[in-house]
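Scroll down for the structure; my scribbles are underneath it.
The values are calculated or read from the model by the stated rules, or taken from the named source; none is laboratory data. Computed from a predicted structure; not experimentally measured. In this analysis, Cβ positions are derived from the backbone assuming ideal geometry, glycine residues included, and neighbour counts consider all displayed protein chains. Note: areas computed on protein heavy atoms with side chains; ligands, DNA, RNA excluded. Shrake-Rupley method; radii C 1.70, N 1.55, O 1.52, S 1.80 Å.
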Amino acid sequence: MFLPYGEETLKLLVVCDWTDGENVVTSHRAVFLEGVGSRRKCGGGGSLEFSLGEFRYFVLKRSFIEEAVVHHISSNVTFLIFQIHSHYQNTTVSFSQTLLPNTSGIGTDRGLISILRPKQSMCTWYLEAADAGPVQSMAIPLSYSERDPVPGGCNLEFDLDIDPNIYLEFDFFETVIKFAPANLGYSRGTDPPPCDVGTGQDSRWRLQYDVYQYFLPENDLTEQVLLKHLQRMAKVPQVKANAIKVVTLTAIDKTSIYFSSLRVQGVIYNVIVWDPLLNTSAAYVPVHTYACSFKAMEDNCASLGRVSTKVFFTLFALLGLFICFFGHRFWKTELFFIGFIFMGFFFYILITRLTAIKYDVRLILTAVTGSIGGIFLVATWWRFGILMLCMLCVGLVLGFLISSVMFFTPLGNLKIFRDDLVFWLSFSCIAIIIPVVFMGCLRILNILTCGIIGSYSVVLAIHSYLYTSLSYITLNVLNRALNTDFRRAFSNVPFQTTDFIILAVWVMLAVSGITLQIRRERGQPFFPPHPYKLWKRERERRITNILDPSYHIPPLRERFYGRLARIREFFQEEQSAGERTPLLL
C-alpha cells in the first residue's frame, strides 16, 4: 500500500487525513496519478458521518460517489475495518474516487482495513452503487487495538494487500467461503510482523479461526430483515452470542469451508480470528447468501419451485396420504408406492450423473420409470406371491428414511463420515437393520412403513411450495449420491417455527395412520393370500362345478368372436324373404 517518494508515476489512492493539534494535515498516503501532483482530500461537504461501532443506513446511487468519514479516532486504536452491506445489489467501497483492484472492493458484503498512522484521528472511504438504480445500504466502522489480530493481514490470494473480506461462491449443491489468513497485531507506526518467517508461538501461526453460521428467518427474503440480522454478525461479542460455531481452523488448515446450499434460505457466515496467547480476537466482514439469484429471469429466489416439481410432489403426496391411512388394506397399491420410490430414486441418480438432460425431462422420465417399477413389484407379488421379497423392499424404504434421519443430526457432520466408503457402509447397515429387526412381525413393519413414509411425502410436497428444513432429511442423501464433492460440506440447516409446525403435522399424520390401521386390521389375516393361486383355484372351480352359473359362460375367445359377429350383422342389410302369405289351416 505504501510507495516511496521520488517516483514519477504513483498509482496509490487516498486513504485518510489526520490531525496534528488543531490543523488538518494530509498524510503521506497522498495520491499522484500519472505524475500529476493533484491531491484529493479525504472528507468534504455532503459526506456521510460515521461513529465507531455504530450502524448507519443510507442509499447509494450509480455514478454518485459518497464520502464516508470517521472523526475523533482514539489514539489507542490501531486499525479500522469499514464494511458495507446490501441485499443483492453490488456496492463499491474504495480508498479513493479512482477505483483500482488492489484498493477497492465490489460486492454485497465488502470491507476495507485502514492501518492508522501516528496521531491520525480521521479516516475517509468512498462509496458508490455498482449496479443501476438506488441501493439501500448499511455500513459500520469497527476499531481494533494493537493487541488484536489483523484479519486478512497475510493475504496472498486476493487483490487487496490486507483483505478482511470473506469470499462466497455457491451452486446447487455447495456453498464455499474463502478468506485470507490473519496476522498478529502491531502498534501504530511500526512494521507488521512477517507472515512466513518461522512457525513458532511468536508468529501468526498461533492464530485460530472460528467459523460461524447464522440462519435468517425462514421464508423471509426481505431487505429489512437481512440488514437487521447482519448487525448481529459484525462484532465479535454478538457473533459469539447469536451464531453457531461450525468448526475451528488452525493456521495450517486451508482457509476454505464448504456448506450444503440451502436454496431461498438466508444464511450469514463470519470468521473470528483468535490470538490464544493474548486472548484477543477480531471479526472478518460477514457475508450472506440465499443460494439463489434475485436477478435471474427464471428459477430465481422469488419462485421457490418449478411447476413440474410442484405437480410431481403434489401427486406423490396424495398417493402417500392414501397409503398412510389405507396402505395395509390396499396391499397392491402400497406395493406400487414402494416400487415407485425404489425405482424412481435410483433412476433419478443414474440419469442425473450420466446425462445432461434438463430437469423437467428428468422428472418426467423418473415418474415413468417409477411407475414401471411399481407395476413390476405388484406383478411380482401377483404371480409369485413371495411375501419376504416384498417386505424386504418395504423394510428397506423405511430403513432408508430412518438412516437419513440419523445422518441429518450432527452425527452426519463428523469428520469420519466425509469418507464415502465409511458413510455409505454405515448408511446401508442402518437401513438393512430395520427389516431384519422386524422380521418376526411383518404386519407391524408394513403398517409402520405406511404411516411414516406416507406422511413424509406430505413434507416433501410442502417443501415445493414453502421452505422447510425437514425435506433435507432425504435431500442431503440425494445430493451426496449425485455429487461426489458433497461429502466435504457441512450439512447444517435451521430449525425454526415453520419446521416445528411441519414436524407436528408429520408426527400427527404418522401416528393417526398407524393407529387407524392397527385398530382396523385387528382380527384380520396378516396379509392377503397369493393372488395367482386364488385366480387359478377359482378358474378350476368354475370349470368343474356345473352348478356354478359361470360354468355355462362360454370361454373368453368364443364370447369375443360372438360379439364381433353381432357387430358385423349390425352393418349388413336385411335380405328379402320373398312373398309372405298367411298360413291357412
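Quick notes
- Note on Thr199 and Ile501: the model spin-label points, each 7 Å out from Cα along the C-beta direction, lie 5.3 nm apart.
- Of the peptides 352-359, 125-132, the order by per-residue mean of other Cβ atoms within 10 Å, starting with the highest, comes out as 125-132, 352-359.
- Cys301 sits with roughly 10 Å² accessible to a 1.4 Å probe, with DNA, RNA and ligands left out of the calculation.
- Convex hull volume per residue for the chain, taking Cα atoms only, in Å³: 261
- Listed values for region 152-169 are Karplus-derived 3J(HN,Hα) couplings in whole Hz (6.51 cos²θ - 1.76 cosθ + 1.60, θ = phi - 60°), namely x, x, 10, 6, 10, 10, 9, 6, 5, 5, 10, 10, x, 7, 10, 9, 10, 9, and x replaces Gly and Pro.
- Summing charges over all other residues whose Cβ lies under 14 Å from the Cβ of Pro193, with Lys and Arg as +1 and Asp and Glu as -1, gives -3.
- By a 1.4 Å probe calculation restricted to protein chains, Lys240 has an accessible surface near 110 Å², given to the nearest 10.
- The phi-based Karplus calculation (6.51 cos²θ - 1.76 cosθ + 1.60; θ = phi - 60°) puts the 3J(HN,Hα) values of region 297-305 at 6, 10, 6, 8, 5, 6, 9, 5, x Hz, whole numbers, x for Gly and Pro.
- Summing Cβ point charges (Lys, Arg +1; Asp, Glu -1) relative to the Cα centre of the chain gives a dipole of roughly 2960 debye.
- With each label modelled as a point 7 angstrom along the Cα→C-beta vector, the Leu315-Glu49 pair spans 6.6 nm.
- Leu564 versus Leu466: modelled label distance in nm, points set 7 Å from Cα along the beta carbon direction: 5.8
- Our helix-only sum for the chain, with -39,500 (n - 2.57) per DSSP H run of n ≥ 4 divided by its residues, gives a mean residue ellipticity at 222 nm of -12000 deg cm²/dmol.
- Summarising the amide proton neighbourhood of Ile166: residues at separation of 5 or more, or on other chains, whose placed amide H is nearer than 5 Å comprise Val285.
- Backbone amide hydrogens, once placed in the peptide plane, bring Arg56 within less than 5 Å of Ala139, excluding anything fewer than 5 places away on its chain.
- To the nearest 10, the accessible area of Thr190 is 70 Å² with a 1.4 Å probe.
- Sequence-separation-based contact order of the chain, relative, with Cα cut under 8 Å and 6+ spacing, percent: 10
- Between the amide H of Leu249 and those of Tyr209, Asp210, Val211, distances stay under 5 Å, these residues lying 5 or more places away or on another chain, with hydrogens modeled in the peptide plane.
- The lysines within cross-link reach of Lys332, meaning a Cα-to-Cα straight distance under 18 Å and a gap of 8 or more places when in the same chain, are Lys533.
- Percent accessible area from carbon and sulfur atoms, the chain, protein chains only, probe 1.4 Å: 61
- Restricting region 429-485 to chymotrypsin sites (Phe, Trp or Tyr not before Pro) in coil, as DSSP defines it, with at most 13 other Cβ within 10 Å: Tyr465
- Of the DSSP H helices in the chain, those that are both long (alpha-carbon extent of 27 Å or more along the helix axis) and hydrophobic (Kyte-Doolittle mean at least -0.5) are 307-326, 331-354, 359-384, 387-408, 442-463, 497-520.
- Stretch gain in nm, segment Asp191-Gln231, where the contour uses 0.36 nm per residue and the Cα spacing is subtracted: 11.2 nm
- 3J(HN,Hα) from dihedral phi, region 267-283, Karplus parametrisation 6.51/-1.76/1.60, rounded to Hz, x for glycine, proline: 9, 10, 10, 8, 10, 10, 8, 10, 9, x, 6, 9, 6, 10, 8, 8, 9
- Applying 1/(1 + (r/R0)^6) with r as the Cβ-Cβ distance of Ser74 and Leu278 and R0 = 25 angstrom yields a FRET efficiency of 0.85.
- Order of exposure, largest accessible area first, which applies to Asp109, Asp420 with probe 1.4 Å: Asp420, Asp109
- Residues of the chain: accessible area per residue with a 1.4 Å probe, Å²: 52
- Note on Gln238/Lys358: beta-carbon distance plugged into 1/(1 + (r/R0)^6) with R0 of 51 Å gives a FRET efficiency of 0.70.
- Net lengthening on full extension, Val59/Met439 (0.36 nm per residue, minus Cα-Cα): 130.2 nm
- Over region 319-380, Cα pairs under 8 Å with separation of 6+ residues give a relative contact order of 43 percent.
- Subtracting the Cα-Cα distance of Arg263 and Arg487 from their residue separation scaled by 0.36 nm leaves 78.8 nm.
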